[in-house]
Amino acid sequence: MAGSVLAFDASNPDVSLLYDINGLAKDAPTWFDRVMGFIGEYGILLALVLVVLWCWWSVRRREDAASAVTSVAGIVWAPLAAAIALLVNIPIRGFVERPRPFQDHKGLDVLVAGKTDFSFVSDHATLAMAIGVGLFIANRKFGLLAIGLALAEGFCRVYMGVHYPTDVVGGFALGTAVALLLAPPAMALLTPLVSAVSRSRRIGWLVRSRRVQAVVERPLGTVEPRRHGEGERDLAA
């Protein structure tokens, strides 16, 4: 019933844009469509995981302990925000009950088979944007990179013929809303937890690099011990 609110006729700009973007798949070589299908289904999500890990590895090397703790807390929040957004999407999809575009429209080039669940909102777009916005809270540079990947994910889902453009836009809105609106209470809980982890001798390296801690905690005026053989090279010079 609710799905009828989203019109499916060809005069709808949503449907027209669907055919325009998916039409690119018809004109592309078969191998390219296979690559796009893999990228849209798995590749970009894997890339987002790598960006999150890259960001985590980078912020651990900050000398400012407070900054490192806050950034790592933001990084932890990114996947948590994505998980919460996906849970929120479950009742939304059940209420709207919008069929996949290929079930109501002929002539689409569907690159991934087996999609029988409802279309609105896109889980992939929701998850990708929630990670992107959540990561932006931790680090703007890596956050912008992740948001760019999320936008690419949205395009791929329409290109693959498994989502309407409004499914993707709805996913972007849901992921952004969850990541931003729940960030203050989430960060209030995660920051002291991450701070406690940073003070641990066993797992403190998860928050701050041991090398950075050694440099910061070294008493002022001390000289790092020379490695074996360095004195002989200095004399020879």
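FYI, it's all coordinate maths here, none of it is from the lab. For clarity, every value in this text was computed on a predicted model and none was experimentally measured. Here the Cβ is made from the backbone with ideal geometry for all residues, glycine too, and neighbour counts use every protein chain on show.
When only the Cβ of Lys, Arg, Asp and Glu is charged (+1, +1, -1, -1), the dipole of the range 18-219 relative to its Cα centre reaches about 1140 debye. Which lysines does Lys26 reach when only Cα atoms under 18 Å apart count, and residues fewer than 8 places away in its own chain are ignored? In chain and number order, the partners are Lys106.
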